[in-house]
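The next block holds one structure in the form of structure tokens; read it before the comments.
The values are calculated or read from the model by the stated rules, or taken from the named source; none is laboratory data. As the structure is a prediction and not an experimental result, all values here were calculated from the model. Note: ideal-geometry Cβ built from the backbone for every residue, glycine included; neighbour counts use all protein chains shown. In case anyone asks, the SASA skips ligands and DNA or RNA and just uses the protein heavy atoms, side chains included. Shrake-Rupley method; radii C 1.70, N 1.55, O 1.52, S 1.80 Å.
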Amino acid sequence: MTGSQPVLTMTGISRSFPGVRALDTVDLRLFAGEVHALMGENGAGKSTLIKVLTGVYGVDSGTVTLDGAQVSFTGPMQATSAGVSTVYQEVNLCTNLSVAENIFIGREPRRLGAVRWGEMRRRARALLARLDLDIDVNAQLGSFSLAVQQLVAIARAIDIEARVLVLDEPTSSLDAGEVAQLFRVMRQLRDEGIAILFVTHFLDQVYAVADRITVLRNGRLVGEYATRELPQLSLVEKMIGKELRVLERLDGQPRAEVAATAGVPLLDARELGRRSAVAPFSLTIHEGEVVGLAGLLGSGRTEVARLLFGADRADHGELRVRGTPTALRSPVTAIDRGVGFCSENRRAEGIVPELSVRENMILALQAARGWLRPIPRRRQDELVERYVQALSIRPADPDVPVANLSGGNQQKVLLARWLITEPRLLILDEPTRGIDIGAKTEIQRLVAQLSDGGMAVLFISAELEEVLRLSHKIAVLRDREMVAQLTNDSSVDADRIMRVIAAGATFEGVPS
Amino acid sequence: MKRMRDHLPSRRIIAVLAAALLATGTAACGNSDTGDGGGKDDGKITLGFSQVGAESGWRTANTTSIKESAAAAGVDLKFDDAQQKQENQIKAIRNFIQQKVDVIAFSPVVESGWDTVLKEAKDAKIPVILTDRSVDSADKSLYKTFLGSDFVKEGRLAGEWLVEQKKGATGPVNIVELQGTTGSAPANDRKKGFAEAIAANPNLKIIASQSGDFTRAGGKQVMEQFLKANPKIDVLFAHNDDMGLGALEAITAAGKVPGKDITIITVDAVKDGMQALADGRFNFIAECSPLLGPQLMDLAKKVHNGEEVPARIETQETTFTQEQAKAALPERKY
Amino acid sequence: MNSDRSGARALTGHRLFWPVVVLVVLLAANTIYRPGFLSVQLRDGHLYGSVVDIVRLSAPLILVALGMTLVIATGGIDLSVGSICAISGAIACLYISRQPDQNSLGGVLTALALALGVALVLGAWNGVLVAVIGIQPIIATLILMVAGRGLAQLVTEGQILTINSEPYKAIGVGHLLTLPLAIVIALAVALLIAAVTRRTALGLIVESVGGNARASRLAGIRSARITFLVYVISAACAAVAGFMMTANVSSADGNAAGLWVELDAILAVVIGGTSLAGGRFSLGGTILGALLIQTLTTTVYAMNISPQTSLLFKAVVVIAVCLVQAPGFRARFVRRRAPAVAAVTAGEQPKEQVPA
């Protein structure tokens, strides 16, 4: 395989943005019929490299050759027609159009200018069959799960005689079954001779599907490796650039009943619920306690968080904050009571992209003070400086627009936004999703520290390992219902939680 | 990409909604002058009238005259204010047709684009009278008559007075012109009549001509630039009093004396204009009388009874010098 | 060399670079047509010249556009400003005309306070419709745009209301320390708004609401209050502009005062680099935009471009400004000229993710 000519070669690619050298003489080779993982922390240059490859960005120096001929794409459309197709992390399709329309939008089969709808549907069905997907191509794309939407995006990409398929974080929103389905499709496409460039943060997935790995760090090439010759720990070290044992260290301490669970709870939800969002549930959170929410995607984890923050209004039950019944009409009330909330939807509900890192960080505190009492500039500098340092946010320039930061750094900015308000309870909804292993570990360690310092944390994650590692108590959700609450002692492990999720309330008994 | 989706359609919405709402807003106001009932058999004739708007004192006097004489003549008047929009006016005329009024009269906002709706009126056998402004339809059978001032004549009267005043002039006489709204009949015709008249003396030369939109602010703003661009201006010809009144301020600010350093000729003779003329700041006004209500009611009755009327009827008008203005001012109604 | 080039790129990439270029070109064209165009003399102790005229005449537009900037920054739009100009001007003139002594300063001040008060109520009306009831801004303000014109004509009874009041006239044509008072007022309001938005956190919060309304709500911003506030500010600015417009000709014309000024104001805001989608705003950019629009109008008069072609001339210039400002257009243009230099900057990353 490696003996033949690569189908695509990128040589000596450099690209700078104002203030940032995003890529510095990076090489990449892709062979036909391989799955090639592109690895690196957030900000390592993966996204930039992909955008250079697909013509979204030009290069300062370096060459791209496709089948031995030098190419210079001026945009994704041109790259696509040359056989380089990309499926982005956040699916860029129109959810209000049908599946078939999405696959063929912009290049509908036509006769005499009129769209041949029948032909289009027939071809769409054939394409999806190739991906083992049997769905109604006339249905609105939005009516399907994210995973199906992802596969439709891939169908659209491979229909264009793709030689190279770039998958940018395709699995970050998928559950295990959906990931398996995606991998089946990837292997099949690989066997058909397509070169697949696979960008992900999940190490296990790399070892499950990739043949070779290219590692980037800080915009530079670290190396290219065959997957079976690179142990997982070495890969992590190459990505981070230092020996990191934090994972194991945190692993060593199951965090059982450390926190003081006696006394009046900080937050006490009694039969709190909201129609068509989540069934009434009861949950207490004490000071210094980390409560994990486990459950599959769509099981109601986010809905619980939104009720506790007042982002949605409860229509059932009661909420007490330090024993006082409190109606949360809007987030303002919750914030006033010392609650902070990092949404899982970083782009739509978290950052204000145009505003600077500084402005994003102070936003919640400023909102709480009201517009008439601006935070003095010196105080802003102090706060921002402290959290840029403490969370090692990069680039460390507080005046760049937050949109220019990588996903992990944006997440840290959001964390900082809430930490600055010094909340008593911080609700973190998927704070580590789609960010690299280094940043992930940092955030986990931070959660542990905050809880040690007396802050309560509601920690939501699809990764059970992470929930287990951090939580004192774990609430399990299934089909929009809280089915169990487990104290995280030595008897609790991923396996047991999986069984609760699978079996539901009958397994552990309903909490009072 | 999302951005574009967010704001692009909204611009289209502005245009559509603005048009729609303006139209409905107008229709709502339109009926307030009279009760309902169109073409009722109570002996009274029903006249649907669509006014241009209320853009000037002249127009308001015109509206008042029509309303008062309708009441005096026992005509049931349905009045509509088009707020200077042709689409409103077309809509109003269609409403009149639907309500089966006996006679339709209107002052067209612009000259062109009336054939379709006038044809609809003709098909509905409702006679149409144009007032104050004409239309450029080739088919003269689409309306019964045009009652209004002769704008060409007004321009000509203004020009002839100037030729008479400057007949002894040896050197060139520099004239600047403040036109009305570009494309409107009074602007086109007054310009034409004035130009024809001053052609008699080759010394009289129009050195600059711009639109001041018939408003005081427009006249002032344009005159300011005329004064800066042209060191020697002898005469100002403004297509209405309001622009002339605006220009007065610009002339004073430039350190010149209106009526002396610069001869000012205007058209209309509204009260503020007559006052300026009597005060010696204007030099000459060609009247354009808005008081055509009685004539209009008379005509409406005639066409309703099927009598033949001339295709063109002029309103009774005159001209004013400074002395005549002083004499006429106390009785001026508008 | 390299730093020179990147410096030049930073300059041409600045969002106000092209509007400034167009403004300079217009002024240069005028100067070539008439060499005295740029000259400013002292006449009767006042500055006198075409450039002074441009700034003075653009003062009302600047005021309206400043208020509009804040509204647009929240992601809204205010179509009612033209009508509010007409109403406030009409009320002020009506009150003054009923005074026994039109030159009494007290009477004029009362008139201004009265008219400003009415404008604030109208702004609050807009604010309630948008922020409390949740009607789309374009629809909510359209109501007042249409109804307000009628209201203004009701106040003036369809007449042009002429007044003879020196103190009121001064707002439009008076002078302070050789400078036209209108310029001084516009400048003062601009500084006031700059202070209110940048010295408090109002600017940040407005930009946050416009940049991402959902995220702002979750960060605890009471966006309804802020939205309400910007419509009130916009109405206040429009009222002051209305005073200037009517004072300029010492008469209130319910029909013509402020007609279509909302469109010019929106254009000024957009030329100034504030996105119609909301978010970051630039007060300086808006002022530049307003000056550019007035320069265009004055150029038509000064160069005696025939009225029939002047609209086309304006349209061509405006389209040119908007095109050269559009990142997409510039990117294509620059890339064609120098393929090695990619014109897409880091700041535009989010918009570049188009479907493959």
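When every residue of the range B:270-279 is checked against the conditions, at least one turns out to be free of Cβ contacts under 8 Å to residues at least 40 places away in the same chain and touching an Asp or Glu at 6+ places or on another chain (Cβ under 6 Å). Considering A:Leu112, A:Leu146, the condition of being under 27 Å from the mean Cα position of the chain (by Cα), open to solvent by 50 Å² or more (accessible area, probe 1.4 Å), in the same structural domain as A:Ala32 (by TED's automatic domain parsing) and farther than 26 Å from A:Glu34 by Cβ is satisfied by A:Leu146 alone.
One line per residue, one yes/no per condition, for (1) in a loop (DSSP other than H, G, I, E, B); (2) modelled with pLDDT under 90:
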{"residue": "A:Ser4", "(1), (2)": "yes, yes"}
{"residue": "A:Gly12", "(1), (2)": "no, no"}
{"residue": "A:Ala22", "(1), (2)": "no, yes"}
{"residue": "A:Thr25", "(1), (2)": "no, no"}
{"residue": "A:Gly43", "(1), (2)": "yes, yes"}
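Where the second residue is open to solvent by less than 10 Å² (accessible area, probe 1.4 Å) and of a type in the set (D, E, K, R) and the first is under 18 Å from B:Val163 (Cα atoms) and lies in the range B:204-215, which pairs have Cβ atoms under 7 Å and are six or more apart or on separate chains? Sorted first by the residue in the range B:204-215, then by its partner, the pairs are B:Ile206/B:Glu177. Assess whether A:Gly252 counts as being modelled with pLDDT of 90 or more and among the small types (Gly, Ala, Ser). No, not satisfied.
One line per residue, one yes/no per condition, for (1) in a helix (DSSP H, G or I); (2) open to solvent by less than 60 Å² (accessible area, probe 1.4 Å); (3) not charged (D, E, K, R):
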| position | (1), (2), (3) |
| --- | --- |
| C:Gly36 | yes, yes, yes |
| C:Arg56 | yes, yes, no |
| C:Ile72 | yes, yes, yes |
| C:Ser83 | yes, yes, yes |
| C:Ser88 | yes, yes, yes |
| C:Leu114 | yes, no, yes |
| C:Leu122 | yes, yes, yes |
| C:Asn126 | yes, yes, yes |
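The condition (being crowded, with 24+ Cβ neighbours inside 10 Å and closer than 29 Å to B:Gln84 by Cα) is satisfied by just one residue among C:Ile96, C:Ile143: C:Ile96. Within the set C:Ala201, C:Ala257, the sole residue that is within 27 Å of B:Ala54 (Cα to Cα) and either surrounded by 24 or more Cβ atoms within 10 Å (Cβ to Cβ) or at pLDDT 90 or above (or both) turns out to be C:Ala257.
Screening the range A:82-97 for residues that are within 11 Å of chain C (Cβ to nearest Cβ) and at pLDDT 80 or above and picking the one that is farthest from A:Thr11 (Cα to Cα) gives A:Cys94. Residues that are within 8 Å of chain C (Cβ to nearest Cβ) and open to solvent by less than 10 Å² (accessible area, probe 1.4 Å) within the range A:340-361 comprise A:Phe341, A:Ser343, A:Gly350, A:Ile351, A:Val352, A:Leu355, listed in sequence order.
Just checking, does the range A:48-69 include any residue being among the aliphatic types (A, V, I, L, M), surrounded by fewer than 17 Cβ atoms within 10 Å (Cβ to Cβ) and either more than 30 Å from A:Leu405 (Cα to Cα) or within 11 Å of chain C (Cβ to nearest Cβ) (or both)? Looking through the range A:48-69, at least one residue is among the aliphatic types (A, V, I, L, M), surrounded by fewer than 17 Cβ atoms within 10 Å (Cβ to Cβ) and either more than 30 Å from A:Leu405 (Cα to Cα) or within 11 Å of chain C (Cβ to nearest Cβ) (or both). For A:Gly193, the conditions (1) touching a residue at least 40 places away in the same chain (Cβ under 8 Å); (2) more than 26 Å from the chain's Cα centre (by Cα); (3) surrounded by 15 or more Cβ atoms within 10 Å (Cβ to Cβ) all hold with the exception of (3).
Looking for whichever is more than 10 Å from chain B (Cβ to nearest Cβ), out of contact with any Gly (no Cβ under 9 Å at 6 or more places or on another chain) and β-branched (Val, Ile, Thr) here; the options are C:Thr295, C:Thr274. Which one fits?
C:Thr295
Quick check on my filter: what residues within the range B:160-187 are without any contact (Cβ under 8 Å) to a residue 60 or more places away in the chain and not in a loop (DSSP other than H, G, I, E, B)? B:Glu160, B:Val163, B:Glu164, B:Ala187, listed by residue number.
When the range C:210-227 is limited to residues that are aliphatic (A, V, I, L, M) and touching a Gly at 6+ places or on another chain (Cβ under 7 Å), the one that is nearest to the other protein chains (Cβ to nearest Cβ) turns out to be C:Ala215.
Pairs linking a residue in the range A:219-234 that is closer than 22 Å to A:Phe31 by Cβ and in contact (Cβ under 8 Å) with a residue 24 or more places away in the chain to a residue that is in a strand (DSSP E or B) and open to solvent by 50 Å² or more (accessible area, probe 1.4 Å), with Cβ atoms under 9 Å and 6 or more positions apart or on different chains, are A:Leu221/A:Thr25; A:Leu221/A:Asp27; A:Glu224/A:Asp27; A:Glu224/A:Arg29. Of (1) closer than 26 Å to A:His201 by Cα; (2) modelled with pLDDT of 80 or more; (3) in contact with a helix residue (DSSP H, G or I) (Cβ under 7 Å, 6 or more places away or on another chain), A:Val483 satisfies all except one. Which? The single condition A:Val483 does not satisfy is (1).
Considering the conditions (1) away from every other protein chain (no Cβ under 14 Å); (2) open to solvent by less than 60 Å² (accessible area, probe 1.4 Å); (3) touching a helix residue (DSSP H, G or I) at 6+ places or on another chain (Cβ under 7 Å), A:Leu296 is excluded by exactly one of them, (2). I'd like the residue in the range A:366-414 that is of a type in the set (A, V, I, L, M), within 13 Å of chain C (Cβ to nearest Cβ) and touching a residue at least 24 places away in the same chain (Cβ under 8 Å) and, out of all such residues, is surrounded by the fewest Cβ atoms within 10 Å (Cβ to Cβ). Only one residue fits best here, namely A:Ala368. In the range B:247-275, which residues are more than 10 Å from chain C (Cβ to nearest Cβ), crowded, with 21+ Cβ neighbours inside 10 Å and of a type in the set (D, E, K, R)? Answer for the range B:247-275, where residues must be more than 10 Å from chain C (Cβ to nearest Cβ), crowded, with 21+ Cβ neighbours inside 10 Å and of a type in the set (D, E, K, R): just B:Asp268. Pairing each residue of the range A:125-150 that is aromatic (Phe, Trp, Tyr) with any residue that is open to solvent by 50 Å² or more (accessible area, probe 1.4 Å) and in a loop (DSSP other than H, G, I, E, B), provided the two are 6+ apart or on different chains, yields no C-beta distance under 7 Å.
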